[in-house]
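The values are calculated or read from the model by the stated rules, or taken from the named source; none is laboratory data. Nothing here was measured: the structure is a model prediction, and the numbers come from that model. Here Cβ is always computed from backbone atoms with ideal geometry, including for glycine, and neighbour counts include all displayed protein chains.
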Amino acid sequence: TVSLNMAAKAAGKLYFGSATDNPELTNEAYVAILNDTAMFGQLTPANSMKWDAIEPEQNVFNFTGGDQIVALAEQTGKIMRGHNLVWYSQLPDWVAYGNWTPETLTSVIQTHVTTEVSHYKGKIYAWDVINEPFNDNGTFRTDVFYNTLNSSYISIALNAAHAADPDAMLYINEYNLEYSGPKIDAMVQLVKDLKAEGAPIDGIGIESHFILGEVSATELQANMEALTALGVDVAITELDDRIELPATDADLEQQKTDYQTIVGVCMAVSGCVGVTVWDYTDEYSWIPSSFPGYGEACPWDENLVRKPAYDGIAMAF
Ligand code: XIL
């Protein structure tokens, strides 16, 4: 049968990839599949490039975990998505609860972004510079960054990243952009505003944490096209499709349809550069712990056996 990255590239996409996390890399059977570059042409670190991992204390940087995943990508000829630079979550307390002025927080953001992006200069295809800036109602999330700097923190971070690695593609990554509504509208407006002010914005990541049977190809495609019409790329950055447990055979068939539909939409939009699953196996999915009662969201099961969803993806390319 067809390997997914090979199929994606043959169909004109840049990659089919997976998230992975450092503790998983001791599982040899898992790594054997991950390292197959015909299957996965791109990696995203699920945790080890986040602020709490990289700069746990002010001006104390630890690149160990991120370096391990970059090294694996280099050894196996894969491209990297860097994830992420500025996010309200997995943010160390020293940032989240600091007593900042606009000037001091600007400097903190610039130091963090410049140091991390410089460390990985030339090794990262695309950075999620900003992660999840919006509430579902389309207002900006009132985290420490917005509360101190208003939305200016976004261009501050983008400009710092661009100066540190001018060749990296700079993304804003967000969930619930898969449907029509105020959140996609807000993202479209933000891209327009950033473009108007000359900020370096190259792409929007559409996370794509779906619930079984709740895929709208029409809305997903319209949203991707609304973004690419503004001159940015889009990517499916964190794909999974969670099932309310226990999963039936019918559920797994619906999941196959869902995966085929979602990847098919990326195929239909020329500005959609690639698809990343938020880990490839149910063994390491974030879903059961974050959404109790749900699971089996990935295209491989917990024994590393391909599910019908795998064939759904293969059929879409
Ligand atoms: C998740 C990781 O997969 C988990 O291991 C961690 O405990 C929490 O974060 N949106 C994102 C990702 O942008 O960074 C999140 O990753 C999943 C939701």
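Overview of results
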item: Helices (runs of 4 or more DSSP H) contained in segment 246-317 and holding at least 1 residues of a type outside the set (Ser, Thr, Tyr) and within 16 Å of the ligand (Cβ to nearest atom); result: 287-290
item: Filter pass, Phe140 being crowded, with 21+ Cβ neighbours inside 10 Å, at pLDDT 95 or above and closer than 23 Å to Leu190 by Cα; result: no
item: Residue count for segment 202-229, restricted to those that are away from the ligand (no atom under 16 Å from the Cβ), polar (S, T, N, Q) and either assigned to a loop (DSSP other than H, G, I, E, B) or within 15 Å of Gly274 (Cα to Cα) (or both); result: 3
item: Hits in segment 218-235 (condition: surrounded by 16 or more Cβ atoms within 10 Å (Cβ to Cβ) and of a type in the set (S, T, N, Q)); result: Gln221, Asn223, Thr228
item: Top-ranked residue in segment 142-156 [being in contact (Cβ under 8 Å) with a residue 24 or more places away in the chain and not in a helix (DSSP H, G or I); ranked as farthest from Met224 (Cα to Cα)]; result: Asp143
item: Residue match in segment 231-246 (condition: under 20 Å from Ala186 (Cβ atoms), of a type outside the set (Ser, Thr, Tyr) and over 18 Å from the mean Cα position of the chain (by Cα)); result: yes
item: Extreme residue, nearest to the ligand (Cβ to nearest atom), among residues of segment 1-14 that are over 19 Å from the mean Cα position of the chain (by Cα) and not in a helix (DSSP H, G or I); result: Ser3
item: Failed criterion for Thr111 (all others in (1) out of contact with any strand residue (DSSP E or B) (no Cβ under 8 Å at 6 or more places or on another chain); (2) part of a loop (DSSP other than H, G, I, E, B); (3) under 22 Å from Asn159 (Cβ atoms) hold); result: (2)
item: Options Gly82, Gly17, Gly66; residue that is in contact with a Lys or Arg (Cβ under 8 Å, 6 or more places away or on another chain), touching a residue at least 24 places away in the same chain (Cβ under 8 Å), of a type outside the set (Ser, Thr, Tyr) and surrounded by 17 or more Cβ atoms within 10 Å (Cβ to Cβ); result: Gly17
item: Criterion: under 17 Å from the mean Cα position of the chain (by Cα) and of a type in the set (Gly, Ala, Ser) - qualifying residue of Ala168, Ala199; result: Ala168
item: Qualifying positions in segment 157-201 - β-branched (Val, Ile, Thr) and assigned to a helix (DSSP H, G or I); result: Ile184, Val188, Val191
item: Test: residue in segment 88-103 that is touching a Leu at 6+ places or on another chain (Cβ under 6 Å) and in contact (Cβ under 8 Å) with a residue 12 or more places away in the chain; result: yes
item: In segment 87-104, the residues that are at negative phi and within 16 Å of the ligand (Cβ to nearest atom); result: Trp87, Tyr88, Ser89, Leu91, Pro92, Ala96
item: Members of segment 118-149 found to be out of contact with any Ser or Thr (no Cβ under 8 Å at 6 or more places or on another chain), within 25 Å of Thr101 (Cα to Cα) and aromatic (Phe, Trp, Tyr), listed by number; result: Phe134, Phe145, Tyr146
item: Check on Ser107, modelled with pLDDT of 95 or more and within 16 Å of the ligand (Cβ to nearest atom); result: no
